[in-house]
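Participant: Mind looking over this structure? Questions follow.
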Amino acid sequence: MSRPEVGSVHVELDGGRCIGSGGCILAAPGLFDLDEAGMAVLKNADPPTEEGADARAAASGCPSMAITVRDRLA
């Protein structure tokens with residue numbers, strides 16, 4: 001198993017808290033999608049390092065605070 005790069009992140013989505021605002025998709029389209037009910041779905045919990053800023057923007061803009069981003073250290 002490979003070790004994560006320094007600076008990479010792990011993303012968590014609490015689907016029970018999601019209100020379907022869609023801001024996460026605008027901030028990080030590579031990480032989030034909407035399901036048939038219009039709620040966010042996490043496509044990649046361990047995105048490439050270059051998508052870390054997008055993940056943080058999605059988390060900070062989430063009105064229901066359903067997204068958590070944690071730093072992963074090698």
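The values are calculated or read from the model by the stated rules, or taken from the named source; none is laboratory data. Everything numeric in this text was worked out from a predicted model, so none of it was measured. Cβ coordinates were reconstructed from backbone atoms using ideal geometry, including for glycine residues, and neighbour counts include every protein chain displayed. In case anyone asks, the SASA skips ligands and DNA or RNA and just uses the protein heavy atoms, side chains included. Shrake-Rupley method; radii C 1.70, N 1.55, O 1.52, S 1.80 Å.
Participant: If you take the residues in segment 65-74 that are in contact with a helix residue (DSSP H, G or I) (Cβ under 9 Å, 6 or more places away or on another chain) and not in a loop (DSSP other than H, G, I, E, B), which one is farthest from Lys43 (Cα to Cα)?
Facilitator: Filtering segment 65-74 for residues that are in contact with a helix residue (DSSP H, G or I) (Cβ under 9 Å, 6 or more places away or on another chain) and not in a loop (DSSP other than H, G, I, E, B), the one farthest from Lys43 (Cα to Cα) comes out as Asp71.
Participant: For segment 8-26, which positions are open to solvent by 30 Å² or more (accessible area, probe 1.4 Å), over 9 Å from the mean Cα position of the chain (by Cα) and closer than 18 Å to Asp71 by Cα?
Facilitator: Within segment 8-26, Asp14 is the sole residue that qualifies.
Participant: Note down all Cβ pairs under 8 Å where the first residue falls in segment 52-64 and is within 13 Å of Ala40 (Cα to Cα) and part of a helix (DSSP H, G or I), the second is open to solvent by 20 Å² or more (accessible area, probe 1.4 Å) and of a type in the set (Ser, Thr, Tyr), and they're at least six residues apart or on different chains.
Facilitator: Ala59/Thr68
Participant: Something else: So, in segment 23-39, of the ones that are assigned to a helix (DSSP H, G or I) and of a type outside the set (A, V, I, L, M), which residue ends up farthest from Ala55 (Cα to Cα)?
Facilitator: Gly23
Participant: With the requirement that a residue be at pLDDT 95 or above, over 19 Å from Leu34 (Cα atoms) and not aliphatic (A, V, I, L, M), what does segment 2-22 give you?
Facilitator: His10
Participant: For segment 27-74: of the residues being surrounded by 13 or more Cβ atoms within 10 Å (Cβ to Cβ) and in contact with a Gly (Cβ under 6 Å, 6 or more places away or on another chain), which is farthest from Leu13 (Cα to Cα)?
Facilitator: Thr49
Participant: What pairs come up if the first residue lies in segment 13-28 and is closer than 20 Å to Pro47 by Cβ and among the charged types (D, E, K, R), the second is open to solvent by less than 30 Å² (accessible area, probe 1.4 Å) and in a helix (DSSP H, G or I), and their beta carbons are under 8 Å apart, counting only those six or more places apart or on different chains?
Facilitator: none
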